[in-house]
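Everything on this sheet refers to the single structure shown next.
The values are calculated or read from the model by the stated rules, or taken from the named source; none is laboratory data. Treat the numbers as computed from the prediction; the structure is a model and nothing was measured. So basically every Cβ, Gly included, is an ideal-geometry build from the backbone, and we count neighbours across all protein chains shown. Ligands, DNA and RNA are stripped out before the accessible areas are found, and what is left, the full protein with its side chains, is counted by its heavy atoms. Shrake-Rupley method; radii C 1.70, N 1.55, O 1.52, S 1.80 Å.
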Amino acid sequence: MAQSQYTYSNGKRKTAIARVKLFEGEGKCTINNKDMKEYFTPLQREIALAPLALLEKKKDFDIVAIISGGGKDAQAGALRHGISRALLLVDPDVRSILKREGFLRRDARVKERKKPGLKGARRAPQFSKR
């Protein structure tokens, strides 16, 4: 890609981290050097591109993202967070719209650790009366 002017931002969700570059363009999206259609399912694409759809700017920007960690759903959430933050740098006036939808908030929910003496985070061993 020969374009040089871009807006850079990071997005996070669970253990997934998305490093997003937003270019002026015609709506192409590349993730880890693959086309978005190859990388995500239709639902995951919808989640990831929700900020652009909300602002009706799907055809105004090209996206190049490097995503690592987590599963595909967490990666889609991380990409959505990164795109939202990049859009905010491009146009600060969209802050109220993105904030109302919750796209600027980092979703802090992560898997709870397993505790000693338990089978999982909260699951206790089966109780036997006799």
- Query: Going from the alpha-carbon gyration tensor of the range 1-42, what semi-axes, largest first and in whole Å, does one get by taking the root of 5 times each eigenvalue?
  - Reply: 19, 16, 8
- Item | Percent accessible area from carbon and sulfur atoms, the chain, protein chains only, probe 1.4 Å | 50 percent
- Query: What does the convex hull of the Cα atoms of the chain come to per residue, in Å³, rounded to a whole number?
  - Reply: 136 Å³
- Query: Based solely on its DSSP helices, what 222 nm [θ] is calculated for the chain when runs of n ≥ 4 H residues each add -39,500 (n - 2.57) and the sum is averaged over all residues, nearest 500 deg cm²/dmol?
  - Reply: -9000 deg cm²/dmol
- Message: Could you give each residue of the range 97-112 its phi-based ³J(HN,Hα) in whole Hz, using Karplus coefficients 6.51, -1.76, 1.60 with θ = phi - 60°, and x for Gly or Pro?
- Response: 5, 5, 5, 4, 7, x, 6, 8, 7, 6, 6, 7, 5, 10, 5, 6
- Message: Just the number please: accessible area per residue for the chain, 1.4 Å probe, all protein chains included, in Å².
- Response: 67 Å²
- Message: Please give the charge dipole size of the chain, origin at the Cα centre, charges +1 on K and R Cβ atoms and -1 on D and E Cβ atoms. Round to the nearest 20 debye.
- Response: 1500 debye
- Query: Any number yet on Rg/Rh for the range 44-96, C-alpha, Kirkwood?
  - Reply: 0.96
